[in-house]
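Just so it is clear, none of the values below were taken in a lab; they were calculated from the coordinates. Computed from a predicted model, the values in this text were never measured in an experiment. Using ideal geometry, Cβ is built from the backbone for each residue, glycine included, and neighbour counts are taken over all protein chains shown.
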Amino acid sequence: MLLLSNNLQSVLSNKKQDISGLQSCNHTEADTRILLHLAHAANQCHQIALVRTVESGVVILPIYWFASIGLSQLWVCVCTGKKIRDISI
C-alpha cells in the first residue's frame, strides 16, 4: 500500500516513489490537493484509491471528477467523532 500525504508544500511518501509531479504543491484547499493526488495515483497505474477525511465537503470534487481521473475504484472514508464510514464511489 502506498501512502502519500502533504506537509505544508511538501509531499511525504511511505515508499520510494516518483513524486516530482506532486512536489511544491501550492494548492491551499484540500479538495484540489486530493484531485492532484488521485490523478497522480492513476498515472502511476494504481487502480484503487481511498480518500480519508473529517470533512464530508472535501469529497465532492473527487466524486465529480472520478470518471475522468482513470481509477477503477474510489473509496471515501469519512470520520466524524467516533463514527467512521467507508463509502464506495
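Here are the numbers:
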read-out	value
Under 9 Å, Cβ to Cβ, from C77 - net charge with Lys/Arg +1 and Asp/Glu -1	+1
FRET efficiency, 1/(1 + (r/R0)^6) with R0 22 Å, evaluated for K83 and H46 via beta carbons	0.20
Cβ crowding within 10 Å averaged over residues, with 59-72, 34-47, 76-89 ranked highest first	34-47, 59-72, 76-89
